[in-house]
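Asks: This is the structure, below, for whatever I ask next.
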Amino acid sequence: MRLDLLAALSGVLIALQARTNGELSLRLDNGLQAAFISFSSGFLLIAFITLFHPGIKDGARKLRAAIAAKEIAPWTLFAGALGGAFVAVQTQIVPLIGVAIYSVASIAGQSATSLVVDRIGLTGGGKKPISMRRIAAAVVTVLAVFVSVLDRIETKDLSFIAVALAGLAGSIVGVQRAMNGLINEHSQQSFTTSLLNFIMGSSALGIVLLIAVAIGKVEFVALPAGPWWIYMGGTIGVIYIAFTSTIVQHLGVLTFTLFSTGGTLVGALLIDLISPTEGVSVSAYLVSGIVMTFLGVLVGGVNSSKSSTQSKQ
């Protein structure tokens, strides 16, 4: 299957995860606990897979050897902590602004950050130049955020802080993708990268949650009985990280972001039409913003993807 199509599919997974984690946060009324549940469930799944997948352990040995040989910096291994921060923001923001607006704002943050991480070669696939075409693509996605929320700005029915935090979450995941690409280059096993991410992310979120409970900021809440799909965020995360850690090495972070944008926005739009968060609606402005983001894909992603695919043949 073409790498650009896989990138688009991973974008659909982002939208699904945002909806599941957002609903869990809404029912718990505790975003931090929801983020921890999502990450820890993903960790349990990948830990179970590890028992029957010798390649994961082999990938861990290769990664340790790369660290010992100073081929990869130890701080890179903390990519999962960034993933934990992303999910923590996601669980707080989606219930406020809905999946679609969250997705557009997050994508704008990813696009802007991707320019930088591609330029410095953080993905492990080598440095990628910042052309005017790539800058234009990133600018289009940022403008799409403003178009998407224009009607809610006019009615003042919007938290600018929430939208800004969604953009920050996108920046975080842009850096995490790059770090995962570098980890995957040395582990040569995408599920090893997933395991490391969930260990780090679960640990970071668990520590923060315990501190928050200890100082009285939040309280542990009993888990709701259902629906079952609100607990699928971790499973989706395992599949997503395994996808992205491999694909991003070949496409680069910006090109990957642009193609995954298409999948994310289609998925987010369908979710907000079929199963929206309470108080969220789909407007013409939002649809226009999604179309603009697709223009960003056409401007910056298509040729890069083709040239990357051809170079592998």
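Coordinate-derived values only; no laboratory data. The shown structure was predicted, so the numbers you read here are calculated from the model rather than taken from an experiment. Positions of Cβ are backbone-derived with ideal geometry, glycine not excepted, and every protein chain shown enters the neighbour counts.
Asks: Separation of the stretch 213-250 and the stretch 1-64 by C-alpha centroid, Å?
Replies: So the two Cα centres are separated by 6 Å.
Asks: Over all directions, how big on average is the projection of the convex hull of the alpha-carbon atoms in the stretch 152-271, in square nanometres?
Replies: Value for the stretch 152-271: 10.2 nm².
Asks: Using only the alpha-carbon atoms, what does the stretch 201-264 span along each of its principal axes? Please give whole angstrom values in decreasing order.
Replies: 45, 28, 17
Asks: Helix hunt in the chain: which complete DSSP H runs extend at least 18 Å axially by C-alpha with mean Kyte-Doolittle at least -0.5? Intermediate values should be presented prior to the final figure.
Replies: Details: long enough: 3-28 (37 Å, 0.92); 31-51 (31 Å, 1.80); 54-68 (21 Å, -0.18); 79-120 (35 Å, 1.25); 132-148 (24 Å, 1.81); 160-187 (40 Å, 0.94); 190-214 (36 Å, 1.80); 233-251 (26 Å, 1.19); 253-274 (30 Å, 1.79); 284-300 (24 Å, 2.07).
Counting only whole DSSP H runs, the qualifying helices are 3-28, 31-51, 54-68, 79-120, 132-148, 160-187, 190-214, 233-251, 253-274, 284-300.
Asks: Still on this model: Please identify, among 69, 212, 15, the residue showing maximal mean-square fluctuation in a Gaussian network model of the chain using a 10 angstrom Cα cutoff.
Replies: Of 69, 212, 15, the Gaussian network model singles out 69 as fluctuating most.
Asks: When the chain is treated as a GNM, springs tying every alpha-carbon pair under 10 Å, which of 235, 293, 91 comes out with the largest mean-square fluctuation?
Replies: Of 235, 293, 91, the Gaussian network model singles out 235 as fluctuating most.
Asks: Taking 0.36 nm per residue of sequence separation and subtracting the Cα-Cα distance, how much length would be gained by fully extending the chain between residue 221 and residue 150, in nm to one decimal?
Replies: 21.9 nm is the gain from fully extending residue 221 to residue 150.
Asks: Continuing with the same structure: Would you mind computing, in nm to one decimal, how far apart the modelled labels at residue 49 and residue 275 are, each placed 7 Å from Cα along Cα→Cβ?
Replies: Here the answer is 2.1 nm between the modelled labels.
Asks: Using the Cα gyration tensor of the stretch 1-80, with a ≥ b ≥ c the square roots of its eigenvalues, what is the shape: rounded (a/c below 1.5), prolate (a/b larger than b/c) or oblate (neither)?
Replies: Prolate shape, in that a/c is at least 1.5 and a/b is the bigger ratio.
Asks: Over the Cα atoms of the chain, Rg to Rh with Kirkwood Rh, two decimal places?
Replies: Here the Rg-to-Rh quotient is 0.96.
Asks: How high is the FRET efficiency from residue 29 to residue 207, r the C-beta distance, R0 22 Å, rounded to 0.05?
Replies: 0.55
Asks: Can you tell me which of 232, 292, 132 moves the most in a GNM of the chain? Springs connect C-alpha atoms under 10 Å apart.
Replies: 132
Asks: Let me ask something else about it. Full-extension gain between residue 131 and residue 65, please, as 0.36 nm times their residue separation minus the C-alpha to C-alpha distance.
Replies: Once the chain is fully extended between residue 131 and residue 65, it gains 20.2 nm.
Asks: Can I ask one more? If you look for lysine pairs in the chain that are eight or more places apart or on different chains, how many of them have Cα atoms under 24 Å apart?
Replies: 10
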